[in-house]
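Enquirer: Below you will find the structure I want to go over with you.
The values are calculated or read from the model by the stated rules, or taken from the named source; none is laboratory data. Bear in mind that the values here come from a model prediction, so they are computed numbers and not experimental data. Here the Cβ positions follow ideal geometry from the backbone for every residue, glycine too, while neighbour counts run over all protein chains shown.
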2 protein chains.
Amino acid sequence: MKKYCFAADIGGTTVKLGLFDAEGNVLDKWEIKSHTENEGAAILPDTAEAILKKIEERKLNTEEIAGIGVGVPGPVSIDGIVPHTANLGWGYKEVTKELSERTGLLCKAANDANVAALGEMWVGGAKGHKDVLLLTLGTGVGGGIIVDGKILTGAHGAGGEIGHIHVEDHIEEHCGCGNQGCLEQFASATGIARLAREALAESDEPSLLREGEATAKDVFDALKKGDALAKGVAERFAKYLGTGIAVMTAILDPEVIVIGGGVSKAGEILLDYIREYYKPYAYKSAKDTEFALAKLGNDAGIYGCAKLVLD
Amino acid sequence: MKKYCFAADIGGTTVKLGLFDAEGNVLDKWEIKSHTENEGAAILPDTAEAILKKIEERKLNTEEIAGIGVGVPGPVSIDGIVPHTANLGWGYKEVTKELSERTGLLCKAANDANVAALGEMWVGGAKGHKDVLLLTLGTGVGGGIIVDGKILTGAHGAGGEIGHIHVEDHIEEHCGCGNQGCLEQFASATGIARLAREALAESDEPSLLREGEATAKDVFDALKKGDALAKGVAERFAKYLGTGIAVMTAILDPEVIVIGGGVSKAGEILLDYIREYYKPYAYKSAKDTEFALAKLGNDAGIYGCAKLVLD
């Protein structure tokens, strides 16, 4: 019986690390810097060193360690191979092979949004469920899909790239992925701010949003104060997102839809808006599917990494 | 080691039955009528009787029979429970429990489009793959999703209801599901015929389609003869379907997309049109995902039923 496991959620700025017991309790949690220079060559060696140091420090018996679960900000194949990861500077990298050689421990890797979904299923907003759709609304729109308790990885490690479903034909700007009209362009924090700027430019209507930068947070703050222009922006956002989620549930039929990321800090009012535009477009069996807010915040990744290696 | 299994693909007109060996060879194939009157009460008893008669006729040893795989035209839960099935007259029905009690054999059930996808994966157009998206373009648009070799059933047995993703805001007519703007309204044989009627009404342009009923088949036949109006119809159809499939692959990232159903008889030209509108909207990792035509026709269901129970 394995007693412990490690989690390493690798991001463009830091690697979040965790030591867990088999029940999902965090025994230790710390971060190291991600050295992305030199094609990110130091990231895995640094991660391995941090984990080996922790094993020594806590005098852990390696026989009792299930392994290391790794989250990567990009596509990851089922064999732990990353073809490229813009944020880390990596080209082709055999993540689990390298980390395993450096630590002597079993390693499993998955996309960071997918492990976050696994974490939310294990101990967060989707606890008790096995079919989960997680959307993280942050700078971009990420997603993780859990089918029967397991991550939907996809053939190219790109399962759950739900920020890039096409939702609008009429847009000049390009998405970060290169396409035009992706959900991410409307439902991310960046997208909401753009919708706000457009709304402010299109009318002279007085609005609290004219006083500041009109960020996504400003939009929901103003909405809570009854600001009419902010309401219009929230409705446009919710139309894109609600319709988009309806499309996802017609395909996936999850038990629960979990909304996370910075935008989810707006709270229940966000879910109310999404539900209004979700229901008319949802397939009949999915009209009453439960919506929930994510609970683990930035720790969802390390929880999911732990679950990945414990499974 | 089990040597045989039975397949029962239940439809609104007939129940297609099959006896298979464990390697996927059809040893026998026959049909019985679906008695949908009296809330379809006779369908499962008739199916059980037909299978028991076959066992007797062929003097099969029931110890050597893996069981019966069942396909149902409606949502089916992972426990073989059907909440309702319009085409069969059924209300709530415990399909696998009833059929198992009547035959003494293990039964597994799944949605008919999902078992068709499993069949195409086993011995058809998706042979050799484990992550498959099947679209059947017939009277409606059905779908089946295979993830890592297994059917994506969904929480309400409604996984893969891809005909009901929302693709158009501007439409007066309602889909059979009750919503407006579903993919099925544009990409089914019925939908293509409607697009053709609209195109014929909107102009006086001469067209081969003015000579007949302008069915989906007529559209693709005229297209092959260079008919300009038919080309316009095919482009509108392909825009909806290509964009819709791009949405599906951003979510699912399958290895292969298989197109079946009556409309797929148009052949390679159909795939050419779909690909043209798929690629610009597909997520980068999925732009070159393989398209294939379904190979098993109406037999996909019984093959999938057999695979379901052999797994």
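Enquirer: Looking at (1) assigned to a loop (DSSP other than H, G, I, E, B); (2) within 23 Å of A:Met248 (Cβ to Cβ); (3) in contact (Cβ under 8 Å) with a residue 60 or more places away in the chain, which is the only condition A:Thr136 fails?
Expert: In the conditions (1) assigned to a loop (DSSP other than H, G, I, E, B); (2) within 23 Å of A:Met248 (Cβ to Cβ); (3) in contact (Cβ under 8 Å) with a residue 60 or more places away in the chain, A:Thr136 misses (1) alone.
Enquirer: Shifting gears a bit: Scan segment A:11-27 and report the pairs whose first residue is over 15 Å from A:Trp90 (Cα atoms) and at pLDDT 95 or above and whose second residue is surrounded by 13 or more Cβ atoms within 10 Å (Cβ to Cβ) and among the basic types (Lys, Arg), with Cβ atoms within less than 6 Å and a gap of 6+ or a chain change.
Expert: Close Cβ pairs (under 6 Å, with a partner that is surrounded by 13 or more Cβ atoms within 10 Å (Cβ to Cβ) and among the basic types (Lys, Arg)) amount to A:Gly18/A:Lys29.
Enquirer: I would also like to ask the following. Taking A:Asn38 as the residue in question, decide whether it is surrounded by fewer than 16 Cβ atoms within 10 Å (Cβ to Cβ) and under 20 Å from A:Val123 (Cα atoms).
Expert: On the way: surrounded by fewer than 16 Cβ atoms within 10 Å (Cβ to Cβ): yes; under 20 Å from A:Val123 (Cα atoms): no.
Here the answer is no, as A:Asn38 does not meet what is asked.
Enquirer: For segment A:253-265, does any single residue satisfy the condition of being out of contact with any strand residue (DSSP E or B) (no Cβ under 8 Å at 6 or more places or on another chain), at the interface with chain B (Cβ under 7 Å from one of its Cβ atoms) and either crowded, with 24+ Cβ neighbours inside 10 Å or within 22 Å of B:Cys175 (Cβ to Cβ) (or both)?
Expert: Let us first name the residues in segment A:253-265 that are out of contact with any strand residue (DSSP E or B) (no Cβ under 8 Å at 6 or more places or on another chain), namely A:253, A:265.
Applying the additional criterion that residues be at the interface with chain B (Cβ under 7 Å from one of its Cβ atoms) yields A:253.
So of that shortlist, the ones also either crowded, with 24+ Cβ neighbours inside 10 Å or within 22 Å of B:Cys175 (Cβ to Cβ) (or both) come out as A:253.
Within segment A:253-265, one or more residues are out of contact with any strand residue (DSSP E or B) (no Cβ under 8 Å at 6 or more places or on another chain), at the interface with chain B (Cβ under 7 Å from one of its Cβ atoms) and either crowded, with 24+ Cβ neighbours inside 10 Å or within 22 Å of B:Cys175 (Cβ to Cβ) (or both).
Enquirer: Pull up segment B:217-252, narrow it to residues that are within 14 Å of chain A (Cβ to nearest Cβ) and of a type in the set (Lys, Arg), then point me to the one that is nearest to A:Ile162 (Cα to Cα).
Expert: Restricting to residues being within 14 Å of chain A (Cβ to nearest Cβ) and of a type in the set (Lys, Arg), the top hit is B:Lys239.
Enquirer: Kindly indicate whether B:Asp204 is on the phi < 0 side of the Ramachandran plot, away from chain A (no Cβ under 14 Å) and touching a residue at least 12 places away in the same chain (Cβ under 8 Å).
Expert: So B:Asp204 fails the test.
Enquirer: Kindly check whether there is at least one residue in segment A:174-181 that is within 16 Å of the chain's Cα centre (by Cα) and either surrounded by fewer than 21 Cβ atoms within 10 Å (Cβ to Cβ) or farther than 22 Å from A:Thr136 by Cα (or both). Outline the logic, then answer.
Expert: So in segment A:174-181, the residues within 16 Å of the chain's Cα centre (by Cα) come out as none.
No, segment A:174-181 contains no residue that is within 16 Å of the chain's Cα centre (by Cα) and either surrounded by fewer than 21 Cβ atoms within 10 Å (Cβ to Cβ) or farther than 22 Å from A:Thr136 by Cα (or both).
Enquirer: Go through (1) within 14 Å of chain B (Cβ to nearest Cβ); (2) assigned to a strand (DSSP E or B); (3) more than 18 Å from the chain's Cα centre (by Cα) one by one and return the number of the condition A:Ile68 breaks.
Expert: Going through (1) within 14 Å of chain B (Cβ to nearest Cβ); (2) assigned to a strand (DSSP E or B); (3) more than 18 Å from the chain's Cα centre (by Cα) one by one, A:Ile68 breaks only (1).
Enquirer: Take the residues in segment B:268-294 that are surrounded by 18 or more Cβ atoms within 10 Å (Cβ to Cβ) and touching a residue at least 60 places away in the same chain (Cβ under 8 Å); name whichever of them is farthest from B:Ala7 (Cα to Cα).
Expert: Residue satisfying both the conditions and the ranking: B:Ala292.
Enquirer: Please state which of the following conditions A:Val167 fails to meet, knowing it meets all the rest: (1) touching a residue at least 24 places away in the same chain (Cβ under 8 Å); (2) under 18 Å from the mean Cα position of the chain (by Cα); (3) within 13 Å of chain B (Cβ to nearest Cβ).
Expert: (2)
Enquirer: Turning to a different aspect of this structure: Give the residues of segment A:135-164 that are within 12 Å of another protein chain (Cβ to nearest Cβ) and hydrophobic (A, V, I, L, M, F, W, C), sorted by residue number.
Expert: Within segment A:135-164, A:Leu135, A:Val141, A:Ile145, A:Ile146, A:Val147, A:Ile151, A:Leu152, A:Ala155, A:Ala158, A:Ile162 qualify.
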